[in-house]
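Working notes, beginning with the structure itself.
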Amino acid sequence: MKAYFIKNANVLNQEGELERKSIMIADGKILDIMDENAGYFASEDTDVEVIDAAGKLVVPGLIDMHVHLREPGFEHKETIETGSRSAVKGGFTTIACMPNTRPVTDDPETVQMVLKKAQEANLAKVLPYAAITINELGRELTNFEALKSAGAIGYTDDGVGVQSAQMMKDAMALAASLDMPVIAHCEDNSLVEGACVAEGEFARKHGLKGIPNESEAIHVGRDILLAEATGVHYHVCHVSTEQSVRLIRQAKEIGIKVTAEVCPHHLILADEDIPGLDANWKMNPPLRSRRDVEACIKGLEDGTLDMIVTDHAPHSAEEKAKGMELAPFGIVGFETAFPLLYTKFVETGKWTLKFLVDKMTAEPARVFRLDTGRLEKDAIADVTIIDLEGLRAVDPNEFATKGRNTPFTGWELKGWPVMTFVDGKKVYSDPTLS
Ligand code: DOR
Ligand code: ZN
Ligand code: ZN
């Protein structure tokens with residue numbers, strides 16, 4: 001197997017300072033991280049490629065615990081192959097995919113099919129979630145034990161909320177007995193019916209029915225009580241409201257096993273930023289008020305929200321052209337996530353670089369007990385190299401994902417991933433790199 005010697009790398013230390021290091025990758029592992037001027041030794045028959053990372057940041061491969069790859073069933077939106085290609089281009093080496101496919105990933109065969117396709121793509125590591133209920137219809141629990149044996153890493157009906165409290169409680173009790181997490185898309189349908197954007201100024205201006213904050217927070221509150229009762233590890237998807245952050249903060253304070261994620265768009269955009277009736281700004285949960293955005297940022301900063309995920313949700317241009325009310329919910333996320341967050345929060349001095357990197361590596365690894373997310377000697381060689389200097393505009397036509405549905409077109413950003421390694425294999429390299 002080919003080995004790599006990355007020289008002049010800027011690496012974050014425990015204190016969050018940048019240190020100049022050389023990194024030797026071989027046999028799928030980080031063989032060594034050495035001081036700047038160290039050379040390398042390799043037997044003559046080892047093929048070593050030297051990579052000059054001068055001026056670039058080297059971090060553990062990014063981890064995204066909430067993505068939609070669309071296969072099986074919606075291959076016109078994305079395939080496991082195109083989604084994985086998009087992930088590694090965005091610097092992600094591990095991605096966890098949602099089961100709202102067709103068929104729904106609610107049986108062991110579909111879980112294994114996803115794993116097989118991911119292996120064939122041979123790009124990012126793909127961790128499948130399985131559905132909580134058959135067909136995500138909320139009527140009947142899936143076979144949790146068989147799904148775990150097939151390789152599912154948790155249970156979720158993402159795309160819809162589990163409407164019945166009894167169903168959710170049964171799911172949590174069963175998951176707890178198997179030492180598996182329940183991951184929840186929190187949405188009470190009775191409060192949402194027919195709405196496509198958040199309740200508030202934008203909805204009023206355009207005469208649209210609004211999605212209220214309580215539709216999310218009611219499920220968060222309910223599920224926290226059920227998690228307390230069952231002892232399950234309960235993970236809240238894409239937190240978007242001030243009220244959800246408050247409930248999760250309080251639950252953590254009293255020791256309930258709850259964790260949570262937040263998406264870049266909910267940290268950066270509010271409903272008042274939506275330029276018009278353009279469905280590239282439509283996702284679920286929706287963009288909310290500036291006050292909610294600030295609460296999510298605060299929640300991430302104080303540890304209430306554990307990690308950042310993209311909720312990468314590709315749709316075709318035809319589907320998104322149906323307009324704000326009829327188009328499906330969702331925006332793509334892999335290829336803009338790091339540059340957006342780096343430019344908006346690190347370049348501006350609001351966050352340290354280490355804070356951002358931890359929320360996309362060490363934190364998801366800790367919460368989901370993954371053996372990746374670390375850049376150190378003997379660690380698995382999932383590694384991402386990022387250019388922190390070059391300014392580039394977001395151009396959906398350059399995306400590796402099939403999806404072009406992003407509200408960030410034209411945004412001038414820094415922090416573009418330029419090279420990605422998974423298990424010591426180079427899976428992405430920016431073609432413009434000299
Ligand atoms: O925006 C979203 N897109 N939210 C969801 O809950 C589902 C997802 C999708 O599958 O497109
Ligand atoms: Zn969701
Ligand atoms: Zn989702």
Cβ under 10 Å from ILE183's Cβ, ILE183 left aside: what net charge do those residues give with Lys, Arg +1 and Asp, Glu -1? -3
Check: region 196-304 dipole with +1 on Lys, Arg Cβ and -1 on Asp, Glu Cβ, in debye: 160 debye
Taking Cα atoms only, helix 242-253 is inclined relative to the longest principal axis of the chain by an angle, in degrees rounded to 10, of 70 degrees
Please label the shape of region 70-226 as rounded, prolate or oblate, based on the square roots a ≥ b ≥ c of the eigenvalues of the alpha-carbon gyration tensor (a/c under 1.5 means rounded; beyond that, a/b larger than b/c means prolate, else oblate). oblate
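Would you mind classifying the chain by shape? Square roots of the alpha carbon gyration tensor eigenvalues, ordered a ≥ b ≥ c; an a/c under 1.5 is rounded, otherwise it is prolate if a/b is larger than b/c and oblate if not.
Verdict is prolate for the chain.
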On average, how much accessible surface per residue is there in region 90-196, in Å², for a 1.4 Å probe, leaving out ligands, DNA and RNA? 39 Å²
Per residue of region 260-276, in order, report the coupling 6.51 cos²θ - 1.76 cosθ + 1.60 (Karplus, θ = phi - 60°) as ³J(HN,Hα) in whole Hz, putting x for Gly and Pro. 7, 10, 9, 9, x, 5, 7, 9, 10, 10, 10, 4, 5, 7, 5, x, x
Beta bridge orientation in region 102-245: antiparallel %, DSSP, nearest 5: 10 percent
Rounded to the nearest 5, the percent of DSSP beta bridges in the chain running antiparallel is 55 percent
Rounded, prolate or oblate: pick one for region 1-78, where a ≥ b ≥ c are the square roots of the eigenvalues of its C-alpha gyration tensor, a/c under 1.5 means rounded, and failing that, prolate if a/b is larger than b/c, else oblate. oblate
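What is the sum of charges, Lys and Arg at +1 and Asp and Glu at -1, for the other residues whose Cβ falls under 11 Å from the Cβ of MET24?
Values: positive: LYS7, LYS21, LYS29, LYS377; negative: ASP27, ASP32.
Residues close to MET24 contribute a combined charge of +2.
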What is the dipole size for region 1-145, taken about its Cα centre, with +1 at each Lys and Arg Cβ and -1 at each Asp and Glu Cβ, in debye to the nearest 20? 420 debye
Cβ-Cβ cut-off under 15 Å around SER316, Lys and Arg +1, Asp and Glu -1: the net charge is +3
Search the structure for amide H atoms under 5 Å from the amide H of HIS66, placed 1.01 Å from N in the peptide plane, and list their residues when 5 or more places away or on another chain. ALA96, THR310, ASP311
So how strong a dipole does the chain carry about its Cα centre when Lys and Arg Cβ are +1 and Asp and Glu Cβ are -1, to the nearest 20 debye? 360 debye
Between GLU325 and ARG102, what is the FRET efficiency for a Förster distance of 22 Å, r being their Cβ-Cβ separation, to the nearest 0.05? 0.45
How tilted is helix 214-230 with respect to the longest principal axis of the chain? Cα atoms for both, answer in degrees (0 to 90, nearest 10). 80 degrees
Restricting to DSSP H runs of at least four residues, report the calculated mean residue ellipticity at 222 nm for the chain, -39500 (n - 2.57) per run over all residues, nearest 500 deg cm²/dmol. -7500 deg cm²/dmol
Could you pull out the pairs from LYS56/LYS425; LYS2/LYS56; LYS205/LYS359 whose alpha carbons sit more than 28 Å apart here? LYS205/LYS359
Could you provide, to the nearest whole Å², the per residue accessible area of region 349-434 with probe 1.4 Å? 43 Å²
Provide the FRET efficiency to the nearest 0.05 for the LYS350-ASP378 pair, computing r from the beta carbons and using R0 = 35 Å. 0.55
Kindly flag which residue pairs out of LYS77/LYS350; LYS89/LYS320; LYS350/LYS414; LYS125/LYS377 have an alpha-carbon separation exceeding 27 Å in this structure. LYS77/LYS350
So the carbon and sulfur contribution to the accessible area of region 52-188, 1.4 Å probe, in percent, is 49 percent
How big is the accessible area of ASP278 in square angstrom, nearest 10, if you roll a 1.4 angstrom probe over the protein chains? 60 Å²
For ALA260, the residues 5 or more places away or on another chain with a placed amide H closer than 5 Å to its own amide H are VAL236, ASP306, MET307
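Could you order LYS148, LYS320, LYS298 by accessible surface area, starting with the largest, using a probe radius of 1.4 Å?
LYS298, LYS148, LYS320
The values are calculated or read from the model by the stated rules, or taken from the named source; none is laboratory data. Since the structure is predicted, the reported quantities are computational estimates derived from the model, not experimental observations. Cβ: placed from backbone, ideal geometry, glycine included. Neighbour counts: every protein chain shown. Remember, those area values only see protein heavy atoms, side chains included, never the ligands or the DNA or RNA. Shrake-Rupley method; radii C 1.70, N 1.55, O 1.52, S 1.80 Å.
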